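Right, one structure below, let's go through it.
The values are calculated or read from the model by the stated rules, or taken from the named source; none is laboratory data. Not measured: the values here are computed from a predicted model. No Cβ is skipped: glycine too gets one built from the backbone with ideal geometry, and neighbour counts run over all protein chains shown. The protein model used for the area step is the full one, side chains on, heavy atoms only, and it has no ligands, DNA or RNA in it. Shrake-Rupley method; radii C 1.70, N 1.55, O 1.52, S 1.80 Å.
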Amino acid sequence: MSTLSIVVLTLIFIPLISSFAFMPYLTRETVSFGISISEEIYRSEPVRRMRKNYALVSLLLYGLLYLSCVFALFRSGHQDRLEESIWLPVFIFLLIALSSGLFLHFHVKMKQLKRTLPATAEAKSILAIDTKYRQNKLAVSYHWFWLHAALIAGSVVYMLANYDRIPGQIALKYDFQGNIVESAAKSYGTVFSLNAAQIMMLLLFLFINWSIQHSKQQTYAGDPERSIRQSSIFRHRWSVFSLLSSFMTIGLFSFLQLNMIEPMHTNVMMSVSLAIPLFVVLFAIILSFLTGQGGSRIRRPAKGSSVQPVDDDHLWKLGVFYYNPSDPSVFVEKRSGIGWTINHAHPAAWTIVGVILIIVIVSILISI
């Protein structure tokens, strides 16, 4: 295993481990491990202690998993590149599985704790709705995505004009040392498959921007003005992130195409190919810690409100999956984690998921 492999593994997964471990601190202060509570209870000593225990146990388990992955990669050595490439997705799968199991354990504990809190039963439950919420600037203008389209069109025109300069064999995949591990014969399908993937990606990020704008409003009645302000900032920041990260990723594909005509030094190509994904990952994690779910970490008050939010725990299966046939909303904010999820009881949600899966599968098949 090369030093570069260790660096890449560390830069990607240490921030991910940190975000998983401290996720309870990033959720809204009206939710704890998928259970609805008041801000006052969220800041109580038993719930504080539960968050702290979750973070400590998570860091310990994830740290052991990380060290196990590094050890496994060292054992694979420099010769077995296939084994080295397999261990990374295995590590991701184990990290997600461990995180899910740990969350479920604390979700059950939080549900039991809530039953013992007398303030939960006594507090008022209020639903607040702002009828002018959609008038806020919740997402960036779609016109910005014309820059993406222009970059894709420019790449297509440039590749067509210089098609004869492309060598007969095109490198498709490199290892962490910059060695070519997969190549293919030149063809229009091979050369322009990246442009097809760019178009699919553009459509996907346009849809993400639309969903940020139109997802269900969530307002806390304990302090509705602050809640609305936080939510608006939260959506706008993630919309900007979506715009910038999609442009950089599409630009990376154009860079890889340029390398077909003007082969660059291995160090340059590897640096750019790694820098952009790492930047996107770190940008997302930093934004999560600065903003929190629903903007919960923006301008937080010194004291929490005792107003109990609407108790809809029965609609959130395992504290993660929202299932409400009576809700016309397709997208809602996550209970755990950062971002949005679907209303699993809405037929349109599954249609959208199916379309996204088709886009991903087609993009993979085009690349192959």
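State which residue is surrounded by the most Cβ atoms within 10 Å (Cβ to Cβ) when the search covers only segment 249-278 and only residues that are farther than 23 Å from Asn162 by Cα and aliphatic (A, V, I, L, M).
Met270
Of the residues Val57, Val47, which is of a type in the set (Val, Ile, Thr), at pLDDT 90 or above and open to solvent by 10 Å² or more (accessible area, probe 1.4 Å)?
Val57
When both residues are 6+ apart or on different chains and their Cβ atoms are under 8 Å apart, which pairs have a first residue that lies in segment 333-358 and is open to solvent by 50 Å² or more (accessible area, probe 1.4 Å), and a second that is polar (S, T, N, Q)?
Every condition considered, the pairs that remain are Lys334/Gln293; Lys334/Thr341; Trp340/Ser211; Trp340/Ser215.
Output the number of residues of segment 295-318 satisfying the condition of being within 24 Å of the chain's Cα centre (by Cα) and at pLDDT below 75.
Total meeting the criteria: 1.
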